[in-house]
Amino acid sequence: MKRAVALEFRKMRRLRVVPIVLVLIVAVAALSSASLFSGSTRESFDDPTAAPWAALLLTYTFMAAMTSPILAAVLASRQTDIENTGSGWTLASTAGYTPGTLCRAKLAALAAILLPAVALQTLLVIGAGLLAGIRVPVDVVPWIGYTMGLLLVDIAFCALHVWLAAKVENQLISVGIGMLGAFIGVFALLMPDWLTRLIPWGYFAMISQVAASGRDVVYATPAYGWIAGFIIIVGVAFTLATRRLDRIER
């Protein structure tokens, strides 16, 4: 497995995965913090009751819900399509790597890339807030909680898209589903909780650590049990699905 993961990192260099991730996380951080530099927003920077950090986290949650499904789809598609186009499944099998093993290695490699990427994305948003002049002390607990939740949900969707990209050679389908998921992820922030829990992309909203209360933004506690259940279900489904790939001739 370690050799398979190392092989995936070599492929990433050719696929320019790291530059793509960097561009996307910088874009998300920039869009999340763009409103900080408007005159009306700056008036709340010294007022703890205005909760400027919570408002910034809400904007960040909105932008991440819009872009993360696309990021997961693009990364998984690029990492997997190379096998579809270059007889990679067959070549890997001759080297002892079954399709299922290869898919699990791809997910492990993508998770290793997403871990620092999501952390850096959050730090860039916080840094933009400090640069803009927010002087209210930042409560790091909700930011850490949201970052961890976003990382886990991103990995879960990478798993789904790796499997889909391995099953369906037309990568427009995988990327198209990711784009559809981006719209659903945004609208899920406005949906009732019972409906959000039933939609996979709704978990980009479920991990939110803030909520709008009238005109105010307040910190909120996510439904960790539902989030954990979603991650576990995706993990089990991905494991079983990739083992099934080992029994299918490619």
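Structural remarks
- Angle between the chain longest axis and helix 99-132 axis [Cα atoms, degrees, rounded to 10]: 20
- Taking each residue as 0.36 nm, the span from residue 22 to residue 173 lengthens on full extension beyond its C-alpha to C-alpha distance by 51.9 nm.
- Taking the protein heavy atoms of the chain in the context of the full set of protein chains, the accessible area attributed to carbon and sulfur is 68 percent at 1.4 Å.
- Residue 138-residue 223 FRET efficiency (beta carbon distance; Förster radius 22 Å; 0.05 resolution): 0.35
- Computed from point charges on the beta carbon alone (+1 for Lys and Arg, -1 for Asp and Glu), the dipole magnitude for the range 1-246 about its Cα centre is near 960 Debye.
- Only DSSP H runs of four or more residues enter the estimate; each adds -39500 (n - 2.57), and after division by the residues of the chain the mean residue ellipticity at 222 nm equals -25000 deg cm²/dmol.
- Amide N proximity, the range 129-164 versus residue 34 label position 7 Å along Cα-to-Cβ, cut-off under 18 Å: 129, 132
- For the chain, the solvent-accessible area of protein heavy atoms averages 50 Å² per residue (probe radius 1.4 Å; ligands and nucleic acids excluded).
- Overall, the range 121-246 carries a charge dipole of about 80 debye about its Cα centre when +1 sits on the Cβ of Lys and Arg and -1 on the Cβ of Asp and Glu, all other atoms neutral.
- In the chain, the longest principal axis of the Cα atoms and the axis of helix 140-167 are about 30 degrees apart.
- With each label modelled as a point 7 angstrom along the Cα→C-beta vector, the residue 15-residue 190 pair spans 3.4 nm.
- When only Cα pairs below 8 angstrom with a gap of at least 6 residues are kept, the chain shows a relative contact order of 29 percent.
- With Cα atoms, 0 to 90° folded angle of helix 17-33 axis to the chain main axis: 20
- Estimated at 0.36 nm per residue, the fully extended path between residue 198 and residue 123 surpasses their Cα-Cα distance by 23.9 nm.
- When the inverse distances between all different Cα atoms of the range 89-232 are averaged and flipped, the Kirkwood radius reads 17.3 angstrom.
- With the simple model of a label 7 Å out from the Cα in the direction of the Cβ, residue 237 to residue 115 spans 2.5 nm.
- Prolate/oblate/rounded call for the range 1-246, Cα gyration tensor, a/c under 1.5 rounded: prolate
The values are calculated or read from the model by the stated rules, or taken from the named source; none is laboratory data. No experiment lies behind these values; they were computed from the predicted model shown. Ideal geometry is used to build each Cβ from the backbone, glycine not excepted, and the neighbour counts take in all protein chains shown. Quick note on the areas: whole protein, heavy atoms, side chains included, nothing else; ligands and nucleic acids left out. Shrake-Rupley method; radii C 1.70, N 1.55, O 1.52, S 1.80 Å.
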